[in-house]
Amino acid sequence: MNKRRIGIFIALAAVVCLGVKAQSTSSLRINEVLVVNETNFQDDYGLQSAWIEIFNSSFATVDLKGCFLTNDRNNPMKYPIPKSDVLTKISSRQHALFWADGIPSKGTFHVNFTLDPDKENYIALYDSNGKTLIDEVVIPAGQIADHSYARENDGGPNWVVKGGSEDSYVTPSTNNKTDDRNKKIENFKKHDSVGVGMSIIAMSVVFIGLVLLYISFKIVGNTAVRLTKRNAMKAHGITDKAEAKERFGGALSGEEYAAIAMAIHEHTNDVHDIEDMILTIDKVKRTYSPWSSKIYTLRETPRK
């Protein structure tokens with residue numbers, strides 16, 4: 001029975017792991033391709049070759065190991081990405097660059113095929129099973145040297161030719177479009193130049209947080225009081241709440257207890273409100289006024 005349970009648990013764990021991997025690799029995109037490299041980016045050997053950029057469009061790290069890159073529709077498993085290289089992990093919204101130089105012996109990121117600038121180039125990325133297509137693209141023939149065929153925005157649907165100007169430039173291993181504007185700040189400057197709206201939002205957040213804290217503490221406090229009363233009832237063997245109230249707290253309020261206590265105090269100490277209006281005035285023996293005398297403010301020397 002235990003072996004059966006262990007087997008079921010292992011099978012479920014394997015299914016979950018495969019599902020997580022499939023879900024993560026599905027976020028990979030072929031992001032930018034440069035076919036003719038004359039004066040552009042160089043590899044680790046100082047050589048210029050065609051390159052393929054892979055982009056991780058998710059917000060989690062994705063591992064490329066075990067996936068396949070190919071330029072042949074009939075051979076989806078043409079270049080298997082090695083599993084032993086830690087550099088195949090792509091961080092959130094980051095890139096990996098593969099060199100299409102046809103020399104895989106140079107390292108993990110050097111594929112075993114090249115790109116032909118005079119023909120259409122088909123490039124595809126397959127999952128580790130060699131059957132599930134993750135992404136594909138067809139590069140038009142006649143690409144200009146040092147110009148790339150890239151997505152307009154990272155992971156976006158539109159493709160453009162980049163290079164040759166300051167506004168359109170090749171971006172290996174980096175974002176295809178650099179946006180140095182902060183739209184939120186620009187909107188605030190446009191619609192709330194004085195800052196009144198921002199102040200109201202900030203104060204609202206603070207007060208809402210305080211209200212939520214008050215409600216949370218109130219609920220926790222009431223729960224603790226109820227648990228304490230219930231534990232006390234269990235300790236004394238009481239099940240009826242009315243009986244517990246009479247035994248521990250009584251049916252009287254605090255004001256009633258205070259009135260009873262004051263009445264008992266007045267009765268025992270014979271306190272009353274009617275007094276004799278008698279004033280006794282003694283003449284001061286000293287000729288000076290003791291109120292202005294400094295001797296009463298001095299410290300008296302103790303007697304030995």
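The values are calculated or read from the model by the stated rules, or taken from the named source; none is laboratory data. Predicted model, so just to flag it, every value in this text is computed and none were measured. All Cβ positions, even for glycine, are placed from backbone atoms using ideal geometry, and neighbour counts span all protein chains on display.
Out of the residues in the stretch 88-121 that are polar (S, T, N, Q) and either touching a residue at least 40 places away in the same chain (Cβ under 8 Å) or closer than 17 Å to HIS147 by Cα (or both), state the one that is surrounded by the fewest Cβ atoms within 10 Å (Cβ to Cβ).
As a first pass, look at the stretch 88-121 and keep what is polar (S, T, N, Q): 88, 91-92, 94, 105, 108, 112, 114, 121.
The next check asks that each one be either touching a residue at least 40 places away in the same chain (Cβ under 8 Å) or closer than 17 Å to HIS147 by Cα (or both); those that pass are 114, 121.
On the way: THR114: 16, ASN121: 23.
Among those that are polar (S, T, N, Q) and either touching a residue at least 40 places away in the same chain (Cβ under 8 Å) or closer than 17 Å to HIS147 by Cα (or both), it is THR114.
Might you check whether a residue that is surrounded by fewer than 17 Cβ atoms within 10 Å (Cβ to Cβ), at pLDDT 95 or above and either more than 16 Å from ASP63 (Cβ to Cβ) or touching a helix residue (DSSP H, G or I) at 6+ places or on another chain (Cβ under 7 Å) (or both) occurs anywhere in the stretch 163-171?
no
Based on this model, can you work out whether PRO140 counts as in contact (Cβ under 8 Å) with a residue 40 or more places away in the chain and either surrounded by 15 or more Cβ atoms within 10 Å (Cβ to Cβ) or of a type outside the set (Lys, Arg) (or both)? So that I can check it myself, show each step before the final result.
Working: in contact (Cβ under 8 Å) with a residue 40 or more places away in the chain: no; either surrounded by 15 or more Cβ atoms within 10 Å (Cβ to Cβ) or of a type outside the set (Lys, Arg) (or both): yes.
Taking the combined requirement at face value, the residue does not satisfy it.
Within the stretch 181-188, can one find any residue that is among the aromatic types (Phe, Trp, Tyr) and under 13 Å from ILE30 (Cα atoms)? Before the answer, list the steps.
Start the filter on the stretch 181-188 by keeping residues that are among the aromatic types (Phe, Trp, Tyr), which leaves 188.
With the extra rule that they be under 13 Å from ILE30 (Cα atoms), the set shrinks to none.
No, that holds for no residue.
I want to confirm something. Restricting to the stretch 12-67 and keeping residues that are surrounded by fewer than 14 Cβ atoms within 10 Å (Cβ to Cβ), β-branched (Val, Ile, Thr) and not in a loop (DSSP other than H, G, I, E, B), which single residue is modelled with the lowest pLDDT?
VAL20
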